[in-house]
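My structure is below; once you've seen it, I'll send some questions.
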Amino acid sequence: MRAVVQRCSYCRVLSGGEETGRSGEGFAVLLGVKKGDTEKDAQYIADKILHLRVFEDEEGKMNRSIQDVGGELMIVSQFTLYGDCRHGRRPSFFEAEEPDRADELYLRVVSFCREAGIRVETGRFRTHMKVALENDGPVTILLDSSRAF
């Protein structure tokens, strides 16, 4: 499972012209699920998101988590995180999980974060979405449950 985590001032998601989610200060998370991922991968990614220390403390040092600052999350499914562009010009999505299983694990990440007391908004799975956000910093972190990076 992969996640692109962006610290943001706000995030808004539209699907079919309809707003499906809006969040304030916190993280915008693009989440991709790989074939073979399990609930253990979902727990790993959720735990990393919840405990990343990239919000500034009183001394201006990135030392606080989203939980510490009372931040919010926008989590958007993004199968293209598993696009392989090493051969040719058109990405292959062979490694991306099948939609039903991907949705199940995506929702587990959302659930784990909500269970931790974080307000979580989402996009709409399997739709064309427009994501607008104000990246704060900018701070962008890449996570991978198989620890590829």
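List the trypsin sites (Lys or Arg not before Pro) in region 1-60 that DSSP assigns to loop (not H, G, I, E or B) and whose Cβ has at most 16 other Cβ atoms within 10 Å. Which are they?
Working: sites: 2, 7, 12, 22, 34, 35, 40, 48, 53; in loops: 35, 53.
Here the sparse-neighbourhood loop sites are 35, 53.
Moving on to the next point. Determine the gain in length on full extension of the stretch residue 67-residue 95; use 0.36 nm per residue of separation and subtract their C-alpha separation, reporting nm with one decimal. Walk me through the intermediate numbers first.
On the way: separation 28, 0.36 × 28 = 10.08 nm, distance 3.20 nm.
Going from the current span to full extension adds 6.9 nm.
Another one. Before I look further, what does region 1-136 give for accessible area per residue, probe 1.4 Å, in whole square angstrom? The partial results should precede the final answer.
Numbers: 7520 Å² over 136 residues.
On a per-residue basis, 55 Å².
May I ask you to list the lysines whose Cα is less than 24 Å away from that of residue 61, ignoring any residue fewer than eight positions away on the same chain?
48
Continuing with the same structure: Amide H of residue 134: which non-local residues (sequence gap of 5 or more, or other chain) have their own amide H closer than 5 Å, using H built in the peptide plane?
So residue 134 has HN proximity to 9, 10.
Then there is this: Enumerate by residue number the GluC sites (Glu not before Pro) in region 18-97 meeting two conditions: DSSP loop (anything except H, G, I, E, B), and at most 15 other Cβ atoms within 10 Å of the site's Cβ.
Details: sites: 18, 19, 25, 39, 56, 58, 59, 72, 95, 97; in loops: 25, 58, 59, 95, 97.
Passing both the DSSP loop test and the Cβ count: 58, 59.
For residue 34, enumerate residues with amide H under 5 Å from its amide H, sequence gap 5+ or separate chain, H modeled in the peptide plane.
It is 2, 97, by chain and number.
A follow-up question, please. To test your reading of the geometry: what angle, between 0 and 90 degrees and rounded to tens, separates the Cα axis of helix 99-115 from the longest principal axis of the chain?
10 degrees
Then there is this: Quickly estimate the mean residue ellipticity at 222 nm for the chain, helices only: each DSSP H run with n ≥ 4 gives -39500 (n - 2.57), and the total goes over all residues, rounded to 500. Walk me through the numbers before you get to the answer.
On the way: 3 runs with 34 residues, N = 149.
Mean residue ellipticity, 222 nm, calculated: -7000 deg cm²/dmol.
Just tell me which aspartates and glutamates come within less than 14 Å, Cα to Cα, of residue 34; anything on the same chain fewer than 8 places away is out.
Partners found: 84, 95, 97, 98, 100, 103, 104, 144.
Carbon and sulfur together cover what percent of the accessible area of the chain at a 1.4 Å probe radius? All intermediate terms of the calculation are to be shown ahead of the outcome.
Values: 3870 of 8380 Å².
Carbon and sulfur atoms account for 46 percent of the accessible area of the chain.
The values are calculated or read from the model by the stated rules, or taken from the named source; none is laboratory data. Note that this is a predicted model, so its numbers are computed, not measured. Positions of Cβ are backbone-derived with ideal geometry, glycine not excepted, and every protein chain shown enters the neighbour counts. Calculation scope for accessible area: heavy atoms of the full protein, side chains included, ligands and nucleic acids excluded. Shrake-Rupley method; radii C 1.70, N 1.55, O 1.52, S 1.80 Å.
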